[in-house]
Amino acid sequence: MEAAGHQPRLVHPLEAKKRMGKTGKKTDQVDAHGLGILLRNGALPEVWIPPSGLRDQRESLRLRMFLVQQRTRLKNRIQGALARYNIQIAGVSDLFGGEGRLRLGPRLGELPEHTRQSVELELVTLDFLEVQLGDIEKRLEALMKVTAEADLLKTLPYVGRILSLVMTLEIGKVERFASAAHLAGFGRSH
């Protein structure tokens, strides 16, 4: 829309509904009319739309988070299959690390045929995800610029390099918040 020269407005839906005071039958036509009145009266409850460059940067971080979630799900599925057949790999702290994978390989034959095939395919998929995560993290390294905001966020417990950038990109310009309380409430309403 922006590229076509339009100026989109993002509206807080619950606040708009309150301000329109509509209690009857909800239709797109009724909503459009109510929103038009709010816009004309200067009472449209708009929310911030991040600039397109910032929205684009967020996509790489969101992809990384999605891939990490998928990796975790695969690991849990594999561990669940092993647990169902009481296959334990002793002496390794990380089943999916180098030593764990070496010890896991010969034990896969103890699984029933279809479960073994599923676990083998999940391991291949897991390896592919690791490659994808490595690639996206290299791109993120190029994207990540050390900012004062991100550095400050890293001082919070459990906030590292990636999460500090995620938070920086999600918050955007901190000046857009009226107070620290508004910033603190951002995550609850976002």
Please tell me which of these pairs span more than 31 angstrom C-alpha to C-alpha: Lys17/Lys145; Lys18/Lys154; Lys17/Lys173; Lys75/Lys173; Lys18/Lys145?
Lys17/Lys145; Lys18/Lys154; Lys75/Lys173; Lys18/Lys145
Fewest-first ranking of Ser164, Ser60, Ser93, Ser52, using other Cβ atoms within 10 Å as the exposure measure:
Ser93, Ser52, Ser60, Ser164
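Counting Lys and Arg as +1 and Asp and Glu as -1, what is the net charge of the other residues whose Cβ lies under 15 Å from the Cβ of Leu63?
Numbers: positive: Arg55, Arg58, Arg62, Arg64, Arg71, Lys138, Arg139; negative: Asp56, Glu59, Glu130, Asp135, Glu137, Glu141, Glu170.
Spelling it out: positives minus negatives among the neighbours equals 0.
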Surrounding charge for Leu165, neighbours by C-beta under 11 angstrom, Lys/Arg +1, Asp/Glu -1, total +1
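Determine how many Å³ per residue the convex hull of the Cα atoms of region 120-168 encloses. Display every interim value, and only then the final one.
Numbers: hull volume 3.5 nm³, N = 49.
Once divided by residue count, the hull of region 120-168 is 71 Å³.
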Sequence-distant aspartates and glutamates (8 or more away, or on other chains) whose Cα lies within less than 18 Å of Lys26
Glu15
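Mind putting a number on the dipole of region 144-190 about its Cα centre? Charges go on the C-beta only, +1 for Lys and Arg and -1 for Asp and Glu, and I need it in Debye to the nearest 20.
Values: 6 positive and 4 negative charges, 14 e Å.
For region 144-190, the charge dipole is close to 60 debye.
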Val11's amide H: which non-local residues (gap 5+, or another chain) put their own amide H closer than 5 Å, with H modeled 1.01 Å from N in plane and none for Pro or chain starts?
Val47
Among Gly105, Thr125, Leu14, the residue whose Cα sits farthest towards the positive end of the charge dipole of the chain (+1 at Cβ of Lys and Arg, -1 at Cβ of Asp and Glu, taken about the Cα centre) is Leu14
Read phi for every residue in region 134-144 and hand back ³J(HN,Hα) as whole Hz from Karplus 6.51 cos²θ - 1.76 cosθ + 1.60, θ = phi - 60°, with x for Gly and Pro.
x, 5, 5, 5, 5, 5, 5, 4, 5, 6, 5
Dipole magnitude of the chain, debye to nearest 20 (Cβ charges: Lys/Arg +1, Asp/Glu -1, about Cα centre):
760 debye
Which of the lysines could a cross-linker span from Lys138 if the Cα-Cα distance has to be under 16 Å and same-chain partners fewer than 8 positions apart are dropped?
none
Of (1) 22, 21, 17; (2) 32, 18, 16; (3) 46, 23, 16, which one was derived for semi-axes √(5λ) of the Cα gyration tensor in Å from the structure shown?
(3)
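Go ahead and estimate [θ] at 222 nm for the chain from helices alone: -39,500 (n - 2.57) per DSSP H run with n ≥ 4, summed, over the residue count, rounded to 500.
Numbers: 8 runs with 122 residues, N = 190.
Theoretical 222 nm ellipticity from helices: -21000 deg cm²/dmol.
Read-outs: derived from the displayed coordinates by stated rules, not from any lab. This one's a predicted model, so the numbers in the text were calculated from it and none came from an experiment. Neighbour counts run over all protein chains shown; Cβ positions are idealised from the backbone, glycine included.
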